[in-house]
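First up is the structure itself, then whatever we jot down about it.
The values are calculated or read from the model by the stated rules, or taken from the named source; none is laboratory data. Just so it is clear, the model here is predicted, and its values are computed rather than measured. Glycine gets a Cβ as well: all are built from the backbone with ideal geometry, and neighbour counts include every protein chain shown.
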Amino acid sequence: MSSGNSIRHISETSTFKEFLNDDATKNQLYVIDFHATWCKPCKRVSPLYDKLCAGCDNVVYFKCDVDEAEDLAEVFEVKSVPTFIFAYNRNILDKMEGANIDKIKAKIDELVNAPDRKYTLLSESNNDEEQDEEQDEEQDEEQDEEQDEEQDEEQDEEQDEEQDEEQDEEQDEEQEQEQEQEQEQEQEQEQEQEQEQDEDDSDDDTGLEDLSIEELRGLIEDISEENNTLREEIDRVTEVNEHLTEQLNRVKTLLN
C-alpha cells in the first residue's frame, strides 16, 4: 500500500485489514473503486477517478479488482462494477453503482464537508502527523538545548576548577618565592654578622708589634693616665676606710 493521497491498490483482503487495524488510519474516510478488467465502464471512469484522487487529499482512495479480492467484494456486497464504496473503519456511509464521476465527486465533497462527521480526513491525519513531528522536533531541540546547557555548565565547572588550580599554583609559587626571599635575607644577615664578628676578632687579634712608635707612646700615656686614676681612687678609698675605722673604734670605746 502506498502513502499520501495516491491510490492504493487492494489485491488481498489482508492488506485492507491492515489499514483498518492501524490506529493511525482506521478512522479515516476512504473510497473504494471496485472494478474489473473486462468492464468497459470501469475502464472509462478509471482515469477520471485517478484525476479526482489527485485533486482531493482529504480522502484515502482505493482500487480493488473484484476478480483478485472476491472475498472483500462479498464483504461490501458488490453486485456490479464499477461500484464505489464510501466508508470509514467498518462503517459504510454510502454506495454508488455506475460510472458517474460527477456524482462520485459530489458525494466526496458532501462527506468531506459534513459538519457532524464521526470520521477523520486524511489531511487532518497528516496535520496531526506534522504536529507530532513538530512536537518531536521541539522536544529534540529542548533536549539538545538541555544537553548543550549541561555541557556548558560542565565546561564552566572545568574552567572554574582550572582557574582555581591556577590560582592555587600561583599562591604556592608566591609563598615559595617569599620563603626563598626570607631565607636569602636570613643568609645575608648571617653572613653580615659573621663578617662583623670576623672584623671584631681581627681587631682584637691586632698585636703590639703591629703598632707604630707614636701609637705605642700614646698607648703608654693612656695606660699611665688610667693607672694614676686608679691610684687616686685607691688612695681615696683608703682614706675613707681609715676614717670609718676610727669612727668604729670610737663607737666601740663608748660602748665599753
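Annotations
- Boolean, VAL66 is at pLDDT 90 or above and touching a helix residue (DSSP H, G or I) at 6+ places or on another chain (Cβ under 6 Å): yes
- Checking each residue in region 15-45 for being of a type in the set (S, T, N, Q) and closer than 16 Å to ASP65 by Cβ picks out THR15, THR37.
- Qualifying residue in region 117-126 (condition: assigned to a helix (DSSP H, G or I), modelled with pLDDT under 85 and farther than 21 Å from VAL60 by Cβ): no
- Residues of region 79-108 satisfying the condition of being free of Cβ contacts under 8 Å to residues at least 24 places away in the same chain, within 60 Å of the chain's Cα centre (by Cα) and not in a strand (DSSP E or B): ALA106, LYS107
- Test: residue in region 59-74 that is closer than 20 Å to THR120 by Cα and acidic (Asp, Glu): no
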